[in-house]
Amino acid sequence: MDLRLYNTLTRKQERFAPVRPDRVTMYVCGPTVYNYPHIGNARPYTLFGVLAKLLRDQFGDLRYARNITDVDDKINAAAAERGVPIEVITGEFTRAFLDDMTAIGNVGEFAPNIEPRATAHIPGIVRMCERLIASGHAYAAEQHVLFDVDSYVGYGRLSRRTVKEMIAGARVDVAPYKRNPADFVLWKPSTPDLPGWDGPWGRGRPGWHIECSAMAEEHLGDTIDIHAGGADLKFPHHENEIAQSVCAHGGAEFANLWMHNGFVTIEGRKMSKSLGNVLLIKELRTLAPPEALRYLLLNAHYRQPLDWSEAGLKQARTTLDRLYAALRDLADVDASALTVEADAVKAALADDLGTPQALAALSELSRDAQKAAGPAAKALAKARLLAAGEWLGLLQQDPQAWFQSGSTSVDVARIEALMAERAVVRKARDFARSDEIRNELTSLGVTVEDTPQGARWKLL
């Protein structure tokens, strides 16, 4: 099955073929660890985690790097505000980030196998700066090293903007030591109270953009297959990565395919601190099961915006209830010996990571499971449903555990109590009360099925 992905650089969908047929390299820009991650931060790692699983399946060897930016002015400001060492901030929020990613299910085949930290790559950053200066693409001025955008004719090809447009649309630090206002910092001086390392230009620290270029170079090589991240990184971060990496590598392409996910909005509005609508993952985890968060993150195509709402989260929980109910009804069916392929789900994912279509296929398989009759058909339906869920990181809990954990939107305790009462009144031949209970269950979205093994309930 061909894998086709939309390339932001070429503005078209392309058949994906790695540089090496036996190995794929992918770099996804990771977090700057100065605060707790919000739900928008989780979107690229969830979506591109699904892509990672798909790549591992199709090509075998995947080198997937997701960095930790642990030197940054935002980190410095957070440490100063709290009056604690920088390492306290980076340690605390790195742990918080990884904990949230684990909770949402971005682990195992969905997780990176390379997690470099910027502070561990200072020598490589310095060497890249030196190469750029030697080749005439960067210059030193007043203890800074700056990239000369005029030296790279391809500058702006990712965002499709001219230098003038980029200056007008961005906050540009105008400084007398710059040759061009658009020139960006590769290295900058540090005061004694800030993190710093000794370099050829004095004690200083790296700029944001050069960190990713140096880490990608060290772990993935000069040219990588896929570079991904949020749409907000397209300019200036990814544009600057391309410029400095291509120039540092003698003109070699930095990444052959670029992928960018859309923003997360909150009930139609941009998420921002000023609006007071930033949704932290750690807080959302107290309001809904992490699997419901994951389902909602997958529910919109990655290139489109995702509008987050309480109604959408409730619907995600309800949908998972129905999916788990289908598996619970097959609890006594052994499907462990069956090996099946989730063809419809894989086909959807292979078409530009079509997670909404994959979720639709998952729902269709749950309906098939509910309709299955006979041991063989039930076993096959269960195996297919579990296999499909595995591709998306869903439905891997025991169904009974899902319903008993409080994760569900269904009042399981009330339903079970009504079912127990119904069994008693039916035995007493009080069919009028039995019908009342059935009607009450229906109002709760539950249908009752009487079987030779006893009555069981499932969601409508």
Classify the stretch 207-362 as rounded, prolate or oblate, taking a ≥ b ≥ c as the square roots of the eigenvalues of its Cα gyration tensor: rounded when a/c is under 1.5, otherwise prolate if a/b is larger than b/c and oblate if not.
-> oblate
Where a Cα-Cα gap under 26 Å defines reach, which lysines qualify for Lys270, not counting those fewer than 8 residues away within the same chain?
-> Lys74, Lys234, Lys282, Lys314
Where does helix 355-371 land angle-wise versus the long Cα axis of the chain, in degrees 0 to 90, nearest 10?
-> 20
What are the radius of gyration and Dmax of the stretch 376-426, computed over its Cα atoms and given in Å?
-> 15.0, 44
Measuring from label point to label point, each 7 Å out along Cα→Cβ, what is the Asn113 to Ala347 span in nm?
-> 3.0
Excluding residues fewer than 8 places away in the same chain, name every one of the lysines whose C-alpha is closer than 22 Å to that of Lys371.
-> Lys382, Lys458
Using the beta-carbon distance between Ala428 and Arg456 and R0 = 30 Å, what value does 1/(1 + (r/R0)^6) give for FRET efficiency, to the nearest 0.05?
-> 0.90
Pairwise label distance in nanometres, Leu287 with Glu364, each label 7 Å out on the Cα-Cβ vector | 3.3
Report, to the nearest 10°, how far helix 122-134 tilts away from the longest principal axis of the Cα atoms in the chain, using its own Cα long axis and a range of 0 to 90°.
-> 50
[x] 24.7; [y] 22.5; [z] 21.9: which one is Kirkwood radius over Cα pairs in Å as calculated from this entry?
-> [x]
Cβ crowding within 10 Å averaged over residues, with 394-404, 111-121, 316-326 ranked highest first = 316-326, 111-121, 394-404
Going by a ≥ b ≥ c, the root eigenvalues of the Cα gyration tensor, does the stretch 4-261 fall in the rounded group (a/c under 1.5), the prolate group (a/b larger than b/c) or the oblate group?
-> oblate
Post the alpha-carbon centroid distance, the stretch 271-332 to the stretch 72-111, in whole angstrom.
-> 23
antiparallel share of DSSP beta bridges within the chain, to nearest 5, in %, is 55
Using θ = phi - 60° and the Karplus curve 6.51 cos²θ - 1.76 cosθ + 1.60, what whole-Hz ³J(HN,Hα) does each residue of the stretch 373-382 get, with Gly and Pro shown as x?
-> 10, x, x, 5, 5, 5, 4, 5, 5, 5
Which residues' amide hydrogens lie under 5 Å from the amide hydrogen of Ala255, considering only partners 5 or more residues apart or on another chain, with H built in the peptide plane?
-> Ile224
With a ≥ b ≥ c taken as the square roots of the eigenvalues of the C-alpha gyration tensor of the stretch 362-459, please select rounded if a/c is under 1.5 and otherwise prolate if a/b is larger than b/c or oblate if it is not?
-> prolate
Long-range amide H contacts for Leu353: which residues qualify at under 5 Å (H placed 1.01 Å from N, peptide plane, sequence gap of 5 or more or a different chain)?
-> none
Quick one: what are the phi-derived ³J(HN,Hα) couplings along the stretch 389-398, Karplus 6.51/-1.76/1.60 with θ = phi - 60°, whole Hz, x for glycine and proline?
-> x, 4, 5, 10, x, 10, 6, 9, 8, 5
Once amide H atoms are placed 1.01 Å from N in the peptide plane, what residues at a sequence separation of 5 or more from Phe263, or on another chain, have their amide H within under 5 Å of its amide H?
-> Leu306
With axes computed from alpha carbons, what is the tilt in degrees of helix 73-82 against the longest principal axis of the chain, rounded to the nearest 10 within 0 to 90?
-> 70
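Bear in mind these aren't lab numbers, they're just calculated from the coordinates by the rules spelled out. In this text the structure is predicted, and so the values were computed from the model without any measurement. When we count neighbours, we look across all protein chains shown, and the Cβ atoms used for this are built from the backbone with ideal geometry, even at glycine.
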